[in-house]
Amino acid sequence: MKIQDNFYLIVILFFSTNCTNYNDMTEHEIKNYLDNKYGNNVNYKTEEDGHISKVKFVDIPSLTEIPEEIRIFKGLEEIKILNCNVTEVPEFITEFPELKALWLEGNPIKEIPSFITKCHKLNILDISSTEV
């Protein structure tokens, strides 16, 4: 086996065991990671300065929680999680000071936590077709 093959296997093992410290990764690296994990079911809007302002996950039955990896996208203004199996809103959602829109349509979410009020710029919260 070549060194490149071993390196590739180590990288796959590293990501698949969730031992990643996402804080040490760039937005570009996280985007590549999410692309590899979810394929065409994840989309982004990238601003002129290179920062990601919007992320959208669509039709991913295996997605049961909002991916913690998106925490690296500090300038997020919009998060869409559509028709997945997300069951709750994580508290880290309050870490996005520019968050204006959160779409959770078609997920089995039962309640919206009170900490959502800490998202001061949030003016769109779509919980249609949820259990709320």
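Given their separation in residues at 0.36 nm each and the Cα-Cα distance between them, Asn83 and Glu98 gain 3.0 nm when the chain is fully extended. For region 89-94, 3J(HN,Hα) computed residue by residue from phi via the Karplus equation (6.51, -1.76, 1.60; θ = phi - 60°) reads 9, x, 5, 5, 4, 6 Hz, glycine and proline entered as x. Take the Cα of Asp35, step 7 Å toward its Cβ, do the same at Glu47, and the gap between the two points is 2.1 nm. The Cβ shell under 13 Å around Leu104 holds other residues with a net charge of -4, Lys and Arg each +1, Asp and Glu each -1. Modelled this way, with points 7 Å down the Cα-to-C-beta line, the labels at Glu131 and Glu68 are 2.3 nm from one another.
Readers should treat all values here as calculations from the given coordinates under stated rules, not as data from a laboratory. Predicted model, so just to flag it, every value in this text is computed and none were measured. Ideal geometry is used to build each Cβ from the backbone, glycine not excepted, and the neighbour counts take in all protein chains shown.
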